[in-house]
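The structure under discussion appears below in the form of structure tokens.
Nothing in this text is a laboratory measurement; each read-out follows from the coordinates by a stated rule. All of these numbers come straight from a predicted model, not from anything done at the bench. Ideal geometry is used to build each Cβ from the backbone, glycine not excepted, and the neighbour counts take in all protein chains shown.
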Amino acid sequence: MPEILANRLLPKHFSLIRAVAEYGQLSLAANALAMTQPAASRMLADIERQVDAPVFVRTPKGMEPTAIGSALARRAENLLEEIREAAREVEAIRRGLTGTVRVGAVTGGAVGYVVPAIQALKAETETVDIHVDVAASGSLIADLLAGQLDFVLGRIPPASTPPDSRSPAC
């Protein structure tokens, strides 16, 4: 039964359960969810068919959750918050505001450029993870070529320069 319920109850069902529990009236819950009262009533009937039990008791003052309704309402808030958090995380990834970046820089470049760039990035997002290696250009380029750094701020040592780039045609 839990697997069947998990496959049939949708986020919109949990939104309605949470709203009815919060407002105590189906019409107010429907209004908060931008749906008609008849549509909310049909959805609630569908939810009750899915769980095979009443979720709310209709009283003269409104609707009160049953034990099952209370359990679903409690879980609804957590579930809906997880869905919102997933959406925020996806948007942050999409916008490049999260993840890990590995930077290599010579001392002057680290102080003059990398530190201010990190400060600006951290002001916009705290979820990015930045690793900075400060070293001589030769070892930074070696780490870059080995895939251990994402980018380097430094000089390209003559031994690392491809032969084609030294020709006057470049």
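A compact table of results
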quantity: Dipole moment magnitude, nearest 20 debye, the chain about Cα centre, only Lys, Arg, Asp, Glu C-beta charged; calculated: 400 debye
quantity: For the chain, average projected area of the Cα convex hull in nm²; calculated: 17.0 nm²
quantity: Value of [θ]222 nm, deg cm²/dmol, for the chain, DSSP H segments ≥ 4, -39500 (n - 2.57) each, nearest 500; calculated: -16500 deg cm²/dmol
quantity: Difference of contour (0.36 nm per residue) and Cα-Cα distance, residue 41 to residue 101; calculated: 16.6 nm
quantity: Angle between the chain longest axis and helix 67-94 axis [Cα atoms, degrees, rounded to 10]; calculated: 20 degrees
quantity: Efficiency of FRET between residue 32 and residue 90 - r from beta-carbon atoms, R0 30 angstrom, step 0.05; calculated: 0.75
quantity: The range 70-105 residues near the modelled residue 119 label - backbone nitrogen below 18 Å, point 7 Å along Cα→Cβ; calculated: none
quantity: Summed residue charge, Cβ within 15 Å of residue 20's Cβ, Lys/Arg positive, Asp/Glu negative; calculated: +2
